[in-house]
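The values are calculated or read from the model by the stated rules, or taken from the named source; none is laboratory data. It should be emphasised that the depicted structure is a prediction, and the values quoted were computed from it without experimental measurement. When we count neighbours, we look across all protein chains shown, and the Cβ atoms used for this are built from the backbone with ideal geometry, even at glycine. For the accessible areas, the whole protein counts, side chains as well, though only heavy atoms, and no ligand, DNA or RNA atoms are used. Shrake-Rupley method; radii C 1.70, N 1.55, O 1.52, S 1.80 Å.
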Amino acid sequence: MILSSLPSRIDRDLYPALMSPEMCAKYPADQKAFVRIDTSLRVYWHTLFDICPELLEISGPDGLSIFRPFMAWAEERKLAFDWFYYLWVYAWLRQSPFKEQLLADQKYLRSIMGASAARWAILDRGRARGIAIGCADTTDFVIGWKCRSVRFGRQVELIEPEEPLPPPPEVFGYFTLPSFELDIFPGWQGVTR
Amino acid sequence: MRLGFNFTLGSTYDMVKRLIAEGHIDYCEYLVDNFFCVDPDELAKAFDCPIGLHVMYSRFLEADRPTLVDFAARLRDCIDATNAIYVSDHILRFTHEGRAFFHLGEVDYSGEYEFVRDKVLEWQEIVGHRIHFENYPSIMDGGLDAPAFFERLTKETGAGVLFDASNAVCANLNCGTPFEAWRNVIAAAHHFHVAGYRNSIVEPFIALDTHANSLSPETLAFLRDFRSVFDKPGATMTYERDQEIEFEDIVADLKLLRNLFGESQERRHDLVVSA
Ligand SMILES: [Fe+2]
Ligand SMILES: [Fe+2]
């Protein structure tokens, strides 16, 4: 249903819609508010599929069979969408009709974990230098390092340990590294909403 | 007018060095919190030019005080090590009800004025330094209230404005904020940004601040019309480019800016001294 009376004078009026494909559809498409919301939603889309293009093999080229139901699911659960964004996409896929395809090839999981580690390395402003992300579906884990020199950007490494770490208690777990060394395993922390 | 370039990523290191060596820019602006794990002395020595600092993710409107105190301690180390010519930040919304925006939100300039003012006062006190806050590339009509908001904010907090000229062009195209309304803000400002923008994918088109294109004719006309309001002793203008980074395109835009403002007085002075 299109509602022309939705408040849409200032940006703040649109905040609740900026991450909701469902609410976006309620704004008249010939108005600026719709374009503003659409632009915001495209950033979520590109943040997912530009970084993990493999997922388009599962969803089809427009990605919408993943994007729309995932965003609705995330909204119901009020997910924060910090660097866990990608991990929640995996969690959703794992309970979706795409589950079999997802689990048939580890490349999807590797891409998701790498994207999440990179996002942490770009956005986190705490004192930790690195993050390790593990998953119950693999013994491999991924490390993201923040930028350590003006000459280099952030770095993401896939670690295939000879002696695997214990699996995280939930689907994903992580721990942060106080220096630019992988020299501790303090145990897995769970992903929070 | 001193011209600068924004340094956000390690991958443009060699290009920025070349821009400095060839005299296209006079200073460099770090997106400083991207480099909080880099030794501040390395930041100070990385480029042979003055340094400006631009903060992206302080989230000072939303973060709690201990988080801000820790952020400020690291910012302070960078300010001191680089002897920064200015420190700048953004007045932005990063979340709504705890959920992150990926395309950041504009504040409500009328309804939230007191809240923002108090946060600005607190943030400057924590950092222990004057901060210049950047104007948003407004899309919605709240952007009409932005010039008066910044005028009042600077009066009541002692903060400065980092005036982004192309963001004002986006606001002009999107919600009609007149350039004239910014005159006092520009006159009082010493630090500026300028960049390319592009239209939204869908219509009715809105102008989006993408830092991926060359300067638009509208931006250049705005700079020309207000040239004497922008230019003043100590003034800086950072050319921002984060995507589609092509050396020749960037140099072409920097040459347009040089022609428009003339060779920087400070720069000439430096050259005379070093000669
Ligand atoms: Fe900025
Ligand atoms: Fe800017």
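Side notes on the structure shown:
- Here the extension length gained between residue A:75 and residue A:159 equals 27.0 nm, from 0.36 nm per residue of separation less the Cα-Cα distance.
- Euclidean distance between Cα centres, the stretch A:152-193 to the stretch A:29-71, Å: 29 Å
- Highest mobility in the GNM of chain B, judged by mean-square fluctuation with C-alpha springs under 10 Å and restricted to B:60, B:150, B:47, is found for B:47.
- Beta bridges from DSSP with both residues in chain B: antiparallel share about 15 percent, rounded to the nearest 5.
- Sulfur and carbon atoms: percent of accessible area, the stretch A:125-190 [1.4 Å]: 48 percent
- By the Stokes-Einstein formula, at 0.692 mPa s and 37 °C, the stretch B:2-274 with its Kirkwood radius over alpha-carbon pairs has D equal to 172 µm²/s.
- Rounded to whole numbers, the Karplus 3J(HN,Hα) couplings from phi for the stretch B:220-232 are 5, 5, 4, 4, 5, 5, 10, 3, 6, 7, 6, 6, 6 Hz, using 6.51 cos²θ - 1.76 cosθ + 1.60 with θ = phi - 60°, and x at Gly and Pro.
- Distance from the Cα centroid of the stretch B:117-151 to that of the stretch A:78-132 is 34 Å (rounded to whole angstrom).
- For the stretch B:132-214, radius of gyration divided by Kirkwood radius, i.e. Rg to Rh on alpha-carbons: 0.98
- Accessible surface area normalised per residue over the stretch A:11-101 is 40 Å², counting heavy atoms of protein chains with a 1.4 Å rolling probe.
- In this assembly, the B-A interface accounts for approximately 4100 Å² of buried accessible surface in total, computed with a 1.4 Å probe and without ligands, DNA or RNA.
- The ellipsoid equivalent to the alpha-carbon distribution of the protein assembly as shown has semi-axes of 37, 28, 21 angstrom, derived from the gyration tensor eigenvalues as √(5λ) and listed largest first.
- Among the protein heavy atoms of the stretch B:81-147, carbon and sulfur supply 46% of the accessible surface, probe 1.4 Å, non-protein parts ignored.
- The stretch B:131-149 residues near the modelled residue B:155 label - backbone nitrogen below 15 Å, point 7 Å along Cα→Cβ: B:146-149
- Shielding score for A:71-82, defined as the mean number of other chain Cβ atoms within 10 Å: 2
- Backbone amide hydrogens, once placed in the peptide plane, bring residue B:134 within less than 5 Å of B:89, B:90, B:91, B:162, excluding anything fewer than 5 places away on its chain.
- Rg/Rh for the stretch A:15-173 (Cα atoms only, Rh after Kirkwood) is 1.00.
- Mean sequence separation of contacting Cα pairs (under 8 Å, at least six apart), scaled by the length of chain B, corresponds to a relative contact order of 19 percent.
- Of the residues making up the stretch A:146-161, those losing 30 Å² or more of accessible area when the isolated chain is joined by the remaining protein chains, with a 1.4 Å probe, are A:147, A:150, A:151.
- For the peptide A:183-191, the mean number of other protein chain Cβ atoms found within 10 angstrom of a residue's Cβ is 0.
- Looking at the stretch B:30-132, the accessible area is 37 square angstrom per residue; that uses a 1.4 Å probe and ignores ligands, DNA and RNA.
- Here is the size of the stretch A:11-101 from its Cα atoms: Rg then Dmax, 13.4, 41 Å.
- Peptide B:33-42 is shielded by partner chain Cβ atoms: per residue, an average of 5 of them sit within 10 Å of its Cβ.
- Over 25 Å (Cα to Cα) - which of A:146/B:17; A:26/A:78; A:99/A:146; B:17/B:255 fall in this group: A:99/A:146
- Taking the DSSP bridge list for the protein assembly as shown and keeping only pairs wholly inside it, about 45 percent are antiparallel.
- For chain A, complete DSSP H runs whose alpha carbons reach 20 Å or more along their own long axis and whose mean Kyte-Doolittle score is -0.5 or higher are A:32-49, A:106-123.
- Chain-alone versus full-assembly comparison, the stretch B:133-160, residues with accessible loss of at least 40 Å² (1.4 Å probe): B:140, B:141
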